[in-house]
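Below is one structure, written out as structure tokens, with a few remarks after it.
The values are calculated or read from the model by the stated rules, or taken from the named source; none is laboratory data. Since the model is a prediction, treat every value here as computed from it, not as a measurement. Please note: Cβ atoms are built from the backbone with ideal geometry, for glycine as well, and neighbour counts cover all protein chains shown.
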Amino acid sequence: MVEARDNPGSKLELELRRGVLVLAVLSQLREFQYGYSLRQALAQRGMPIEEGTLYPLLRRLEGQGVLASEWRIEDGPPRRYYRLNDAGEAMLAELTAFWNSLVGTMGGLLEGDGK
């Protein structure tokens, strides 16, 4: 049996998935969410993400100025909640337009119509 780490196809699938994680995360942060709720929302929509990938990504996006965050204490331990700010909304719109264009291009390439 070929293990995933030895399967070139699996490695390529992982690379493709990594490439869309930013867009997936941004798409779920129109409202405040904390890390665990964001992980659940993504997993329910078919995009599971590991904690070790999500939290550094959230910190990086916040550092890039596209997320706002705040600490809240609600029914449990303090949690950091994240949400798109205005720059994040603009980035989401830009990446969504690029994604839609890319999907159209790839659809044509994969169907072989030469567009």
note = Residues of region 45-102 being exposed (fewer than 12 other Cβ atoms within 10 Å of the Cβ) and among the aromatic types (Phe, Trp, Tyr), in sequence order, are Trp71, Phe98
request  = Go through region 90-115 and give me each residue that's in contact with a helix residue (DSSP H, G or I) (Cβ under 9 Å, 6 or more places away or on another chain) and within 13 Å of Ser27 (Cα to Cα).
outcome  = Met91, Leu92, Leu95, Thr96, Trp99
key: Residues satisfying the stated conditions in region 1-45, i.e. outside any helix (DSSP H, G or I) and at pLDDT 95 or above   = Gln28, Leu29, Arg30, Glu31, Phe32, Gln33, Tyr34, Arg45
message = Can you say whether Ser69 is over 24 Å from Trp99 (Cα atoms), free of Cβ contacts under 8 Å to residues at least 40 places away in the same chain and assigned to a helix (DSSP H, G or I), as far as the supplied structure shows?
response = no
message = Between a residue in region 5-34 that is surrounded by 10 or more Cβ atoms within 10 Å (Cβ to Cβ) and any residue that is modelled with pLDDT under 95 and part of a helix (DSSP H, G or I), which pairs come within a Cβ distance under 6 Å, given they are 6 or more apart or on different chains?
response = Ser10/Ala4
So Ser37, is it farther than 27 Å from Val103 by Cα, out of contact with any Asp or Glu (no Cβ under 8 Å at 6 or more places or on another chain) and surrounded by 12 or more Cβ atoms within 10 Å (Cβ to Cβ) = yes
